[in-house]
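So the structure is just underneath, and the comments pick up after that.
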2 protein chains.
Amino acid sequence: MLIRQATKDDWDSIWPILRRIAADGDTFCCDPDITDGQAYTMWFPPPPARTVVAVADEGAVVGTAVLRPNHGGPGAHVANASFAVDYDHRGHHVGRRLGEHVLALARQDGYCAIQFNAVVETNTHAVALWMSLGFTVLTTVPEAFHHPIAGYVGLHIMHRTLSG
Amino acid sequence: MLIRQATKDDWDSIWPILRRIAADGDTFCCDPDITDGQAYTMWFPPPPARTVVAVADEGAVVGTAVLRPNHGGPGAHVANASFAVDYDHRGHHVGRRLGEHVLALARQDGYCAIQFNAVVETNTHAVALWMSLGFTVLTTVPEAFHHPIAGYVGLHIMHRTLSG
């Protein structure tokens, strides 16, 4: 598996991954009916943001991530990142590889920390992954996510410093 | 003082307020050199967001606020809001009046809670105001804001439920 910078040509491979995750409605804070154009704007923000794809040995895009400043101006030294792994390629450490890659990119870009604003607490696989990569849960915003099965559940705000 | 929905015609009054606060760099997480167009996009997001202005008795716009969903889709029942008060009209409860108005609007729009993502911890006036209006500090993201005098300071994430 290779992780490389995404180009506009990758969008036709990225969009089905995002569309399915958005439609499932259990991990992403975006409209389940998000359009192609809205999703493209969300996933390809302007620089200094970076979008990457994970490409399997056979050439298929199996995951993707975006790294961007979490806030502007005086808050731009803290990064934010979003991740998406193709449903049919889960359980093969794509998320972990993307996470490690994004941590390295964030360090390279000079960010001091990474903050996730909305990790759904029932997404225990993601929570465990981020904790294994050094993130801590700063707080859990109560009932901030309406899960299709579990109802109102919390959103973890997770954080990891990049110094040292 | 009247608080009413903002229109595009108010932008010429709002922009100088935002420009100065952005340039001061001590409370807003946006580029100190933000352009007119970028600021307009930030302050007039599409519906269901709402932008309001506080208008003094003599007709001058002395403050403004934006209410919007903090996240999309399954997170859209939690609101976010931003506030700006004209430098020359501080100390006259403009912020408090805007805060009370936005809380009422958020209830009216059916939001279950309001979350602030980036209240600078050295902005003690704002922190005290929000606490007096029922907000609590869920967490403080360490060193997440580069203050022009105080250096790296924390960003409070503040929250208030709207039920009951």
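Assorted remarks:
- 5 angstrom amide H check on B:PHE116, placed H, neighbours 5+ away: B:MET158, B:HIS159
- Among B:TRP15, B:TRP43, B:TRP130, residue whose mean-square fluctuation peaks in a GNM of chain B (springs only between Cα atoms under 10 Å): B:TRP15
- Two-site label geometry, B:GLU100 and B:ASP88: point separation in nm, points 7 Å out along Cα→Cβ: 2.6 nm
- Sorted from shortest to longest, the distances between the A:HIS101 label points of this copy and the other copies are 4.8 nm, with each point 7 Å from Cα along the line through the beta carbon.
- Distance from the C-alpha centroid of the range A:3-49 to that of the range B:74-104: 32 Å, rounded to the whole angstrom.
- A from B by rotation - nearest chain B beta carbon to the axis, in Å: B:THR139, 2
- Extension gain, A:TRP15 back to A:TYR40 (0.36 nm per residue minus Cα-Cα distance, nm): 8.2 nm
- Value of [θ]222 nm, deg cm²/dmol, for chain B, DSSP H segments ≥ 4, -39500 (n - 2.57) each, nearest 500: -8500 deg cm²/dmol
- Multiplying the residue separation of A:LYS8 and A:GLN108 by 0.36 nm and removing their Cα-Cα distance gives an extension gain of 33.7 nm.
- Convex hull projection area averaged over all views, the range B:2-161, Cα basis, nm²: 9.1 nm²
- Other copies of A:THR124: label-to-label distances in nm, shortest first, labels 7 Å along the beta-carbon direction: 4.5
- Pseudo-label separations to other copies for A:LYS8 - Cα-to-Cβ vector, 7 Å, nm: 2.8
Just so you know, all these numbers are worked out from the coordinates, no wet-lab data involved. Bear in mind the structure is a predicted one, so any value in this text is a computation, not a measurement. A quick note on method: Cβ atoms are made from the backbone with ideal geometry, for glycine too, and the neighbour counts reach across all protein chains shown.
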